[in-house]
Amino acid sequence: MKKISTKKKVKKIRVYAGKRYSWCNCGKSDKYPLCDGTHKNLEGIQPVRIWFHEDSEVSFSRENGKLQLKVEKLEK
């Protein structure tokens, strides 16, 4: 399996409680940070599936092949 070492800048999105999100793990998605299915053309790479318990804002980043996220709770 080839490691993807792309560096993508941080992108923040709003996420909703109970909804499943597919986080791009190949670094090639046109909808980054979310998966658009591009990994299907790459061997051995799958998206990271995430569910959230609360509505939040999430910052997604990828650096040196590592996926990172920061969750910020929304104020009510």
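The values are calculated or read from the model by the stated rules, or taken from the named source; none is laboratory data. Model, not experiment: these values are computed from the prediction. Neighbour counts run over all protein chains shown; Cβ positions are idealised from the backbone, glycine included.
Annotations
- Of all residues in segment 61-76, those satisfying the criterion of being part of a strand (DSSP E or B) and either surrounded by 12 or more Cβ atoms within 10 Å (Cβ to Cβ) or in contact (Cβ under 8 Å) with a residue 12 or more places away in the chain (or both) are Ser61, Arg62, Glu63, Leu67, Leu69, Lys70, Val71, Glu72, Lys73.
- Selection count where residues are out of contact with any Ser or Thr (no Cβ under 6 Å at 6 or more places or on another chain), over 19 Å from Val71 (Cα atoms) and assigned to a loop (DSSP other than H, G, I, E, B), scope segment 32-43: 3
- Candidate set from segment 1-33 (those that are of a type in the set (Gly, Ala, Ser) and either modelled with pLDDT of 85 or more or touching a strand residue (DSSP E or B) at 6+ places or on another chain (Cβ under 8 Å) (or both)); member that is nearest to Gln46 (Cα to Cα): Ser22
- Selection count, segment 49-60, where residues are part of a strand (DSSP E or B), out of contact with any Pro (no Cβ under 8 Å at 6 or more places or on another chain) and surrounded by 13 or more Cβ atoms within 10 Å (Cβ to Cβ): 5
- Contacts under 6 angstrom Cβ, first residue in segment 41-59 being in contact (Cβ under 8 Å) with a residue 24 or more places away in the chain, partner assigned to a loop (DSSP other than H, G, I, E, B) and surrounded by 13 or more Cβ atoms within 10 Å (Cβ to Cβ), 6 or more apart: Leu42/Cys26; Ile45/Asn25; Ile45/Cys26; Pro47/Asn25; Pro47/Cys35; Val48/Asn25
- Residues located in segment 8-36, provided they are surrounded by fewer than 12 Cβ atoms within 10 Å (Cβ to Cβ) and on the phi > 0 side of the Ramachandran plot: Gly18
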